[in-house]
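Engineer: Got a structure for you, questions after.
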Amino acid sequence: MLKEWLSPFDMLGAEKLVVSKTGGTDHVFLQAIGLPGYQFIQDPLDYESRVHHSNLDTVDHMRGDDMRQAAVIMAGMLWQAANSDKELPRAILPTQPVPTDPFKVRDPAQ
């Protein structure tokens, strides 16, 4: 479903959908409690530098074309999600572990 929604944006360079865990952003905490959480990935640019998440990471580092591309794609994906009859894919809800007694032996005859 997400691949279908993303397909109109192929011409903007958004043709990849990753199913594996990416980690490291706010969507991880949504997924941890069973909510659908997604991450849009762009070119890393200064991600591995000393600039990222520092006092030097300011508006002047933003690229206009990248911001426009991201805004169009995210708005389009949100519009499609809001107008879809289908539910967004969700992970299995996390559950509490079942308490166990390590000294209790199960009788196989029962």
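Engineer: Out of region 63-72, which residues are hydrophobic (A, V, I, L, M, F, W, C) and surrounded by 11 or more Cβ atoms within 10 Å (Cβ to Cβ)?
Structural biologist: Within region 63-72, M67, A70, V72 meet the criteria.
Engineer: Also, quick follow-up: Which members of region 57-73 meet the condition of being part of a helix (DSSP H, G or I), out of contact with any helix residue (DSSP H, G or I) (no Cβ under 8 Å at 6 or more places or on another chain) and in contact (Cβ under 8 Å) with a residue 12 or more places away in the chain? Full working, then the answer.
Structural biologist: As a first pass, look at region 57-73 and keep what is part of a helix (DSSP H, G or I): 59-61, 64-73.
Add one more test, that the residue is out of contact with any helix residue (DSSP H, G or I) (no Cβ under 8 Å at 6 or more places or on another chain), and what stays is 59-61, 64-68, 70-71.
Result: H61, D66, A70.
Engineer: Across region 17-55, which residue is modelled with the highest pLDDT among those that are more than 13 Å from the chain's Cα centre (by Cα) and open to solvent by less than 100 Å² (accessible area, probe 1.4 Å)? Reasoning before the result, please.
Structural biologist: Restricting attention to region 17-55, the residues satisfying the condition of being more than 13 Å from the chain's Cα centre (by Cα) are 33, 43-55.
Those left that are additionally open to solvent by less than 100 Å² (accessible area, probe 1.4 Å): 44-46, 49, 51-52, 54.
On the way: P44: 70, L45: 71, D46: 68, S49: 74, V51: 76, H52: 73, S54: 80.
Per the stated criteria, the residue is S54.
Engineer: Just to be sure I understand the filter: pairs with C-beta atoms under 6 Å, separated by 6 or more residues or on different chains, first member in region 13-34 and closer than 20 Å to K3 by Cα and assigned to a loop (DSSP other than H, G, I, E, B), second member modelled with pLDDT of 75 or more and charged (D, E, K, R). Which pairs pass?
Structural biologist: Pairs that qualify, where the first residue is closer than 20 Å to K3 by Cα and assigned to a loop (DSSP other than H, G, I, E, B) and the partner is modelled with pLDDT of 75 or more and charged (D, E, K, R), are L17/K3.
Engineer: Would you mind finding the one in M67, M74 that is at pLDDT 85 or above and touching a Phe, Trp or Tyr at 6+ places or on another chain (Cβ under 9 Å)?
Structural biologist: Only one candidate qualifies: M74.
Engineer: Considering only region 79-96, I want to know if a residue exists there that is without any contact (Cβ under 8 Å) to a residue 24 or more places away in the chain, open to solvent by 100 Å² or more (accessible area, probe 1.4 Å) and not in a loop (DSSP other than H, G, I, E, B).
Structural biologist: Of the residues in region 79-96, the ones without any contact (Cβ under 8 Å) to a residue 24 or more places away in the chain are 79, 82-83, 85, 87, 95-96.
Keeping just the survivors that are open to solvent by 100 Å² or more (accessible area, probe 1.4 Å) gives 79, 85, 87, 95-96.
Still in the running and not in a loop (DSSP other than H, G, I, E, B): 79.
Within region 79-96 (the criterion being without any contact (Cβ under 8 Å) to a residue 24 or more places away in the chain, open to solvent by 100 Å² or more (accessible area, probe 1.4 Å) and not in a loop (DSSP other than H, G, I, E, B)), the answer is yes, since at least one residue qualifies.
The values are calculated or read from the model by the stated rules, or taken from the named source; none is laboratory data. Since the structure is predicted, the reported quantities are computational estimates derived from the model, not experimental observations. Note that we place each Cβ from the backbone using ideal geometry, even for glycine, and neighbour counts take in every protein chain shown. These area figures cover heavy atoms from the full protein model, side chains too; ligands, DNA and RNA do not enter into them. Shrake-Rupley method; radii C 1.70, N 1.55, O 1.52, S 1.80 Å.
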